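Inspection log for the structure reproduced underneath, given as structure tokens.
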Amino acid sequence: MPEDLPVDPGTLRDQVRDKYREVAVDPHRTFHFHTGRPLAARLGYDQAAVDGLPDCAVESFAGVGNPFTLRRLELGERVVDVGSGAGFDSFIAAGQVGPAGRVVGVDMTPEMLDKSRATADALAFAHIEFREGLAEALPVEDGWADAVISNGVINLCADKQAVFTDIHRVLKHGGWLQFADIANGRPVPAEALRDIDLWTG
């Protein structure tokens, strides 16, 4: 583990994977965060776009904001969704970029990937795909993306510099990073930073 990281990235990934496996397979149980259609409404997503998606695309949504309030994606754009989960933001993105665009969702939780891929097949969205990978090592070629989106994922990564470095790598020159996340305006005590259980709740 790099000495400047407060927790071991692999151990943190395992805990995050366990938590979001539960969100994928049992989305209607109670978590310490909000999920599903009520959360999408609270965060200001376009109601018509959300209503047009099946429950399997929305029920495991667990974001912290709405990256599309920063800028609506344009028709034909190529988009990477970092930490795509069950695909909610990826499906919203696919609707905005249209069939001439492309959306690649990247996630590390097999159950989330299974769910997002099954939903994409059910919707017959040929311009969206979901790849297994990490935020720090995106399985996307250099300079491919017009935009990168992410929602509540970067805060769960121990090595944020590595995440932003790889996002920069996959973005084309002049591309957009549109992300929603949790930030703290005050310093976090070192002992709290090293408590891995506080990272995942």
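Quick notes on this one:
- Qualifying positions in region 5-34 - open to solvent by less than 20 Å² (accessible area, probe 1.4 Å) and of a type in the set (Gly, Ala, Ser): Ala24
Yes/no per residue for (1) among the hydroxyl-bearing types (Ser, Thr, Tyr); (2) without any contact (Cβ under 8 Å) to a residue 40 or more places away in the chain; (3) touching a helix residue (DSSP H, G or I) at 6+ places or on another chain (Cβ under 9 Å):
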position: Val140; (1), (2), (3): no, no, yes
position: Lys160; (1), (2), (3): no, yes, yes
position: Val163; (1), (2), (3): no, no, yes
position: Arg169; (1), (2), (3): no, yes, no
position: Gly174; (1), (2), (3): no, yes, no
position: Leu177; (1), (2), (3): no, yes, yes
position: Glu191; (1), (2), (3): no, yes, no
position: Ile196; (1), (2), (3): no, no, yes
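- Close pairs (8 angstrom Cβ cut-off, 6 or more residues apart or separate chains): closer than 15 Å to Glu111 by Cα and open to solvent by less than 30 Å² (accessible area, probe 1.4 Å) in region 55-84, in a loop (DSSP other than H, G, I, E, B) and among the polar types (S, T, N, Q) anywhere: Ser60/Thr35; Phe61/Thr35; Ala62/Thr35
- Selection of region 90-110 for residues being in contact with a strand residue (DSSP E or B) (Cβ under 8 Å, 6 or more places away or on another chain) and open to solvent by less than 10 Å² (accessible area, probe 1.4 Å) yields Ser90, Phe91, Ala93, Ala94, Val97, Gly101, Val103, Val104, Gly105, Val106.
- Residue within region 35-49 that is within 21 Å of Ala120 (Cβ to Cβ) and loosely packed, with under 13 Cβ neighbours inside 10 Å present: yes
- Selection status of Val97, touching a residue at least 24 places away in the same chain (Cβ under 8 Å) and touching a His at 6+ places or on another chain (Cβ under 8 Å): yes
- Single match in Gly143, Gly152 (criterion: open to solvent by less than 20 Å² (accessible area, probe 1.4 Å) and of a type outside the set (A, V, I, L, M)): Gly152
The values are calculated or read from the model by the stated rules, or taken from the named source; none is laboratory data. In this text the structure is predicted, and so the values were computed from the model without any measurement. Methodologically, a virtual Cβ is constructed for each residue, glycine included, from the backbone with ideal geometry; neighbour enumeration extends over all protein chains shown. These area figures cover heavy atoms from the full protein model, side chains too; ligands, DNA and RNA do not enter into them. Shrake-Rupley method; radii C 1.70, N 1.55, O 1.52, S 1.80 Å.
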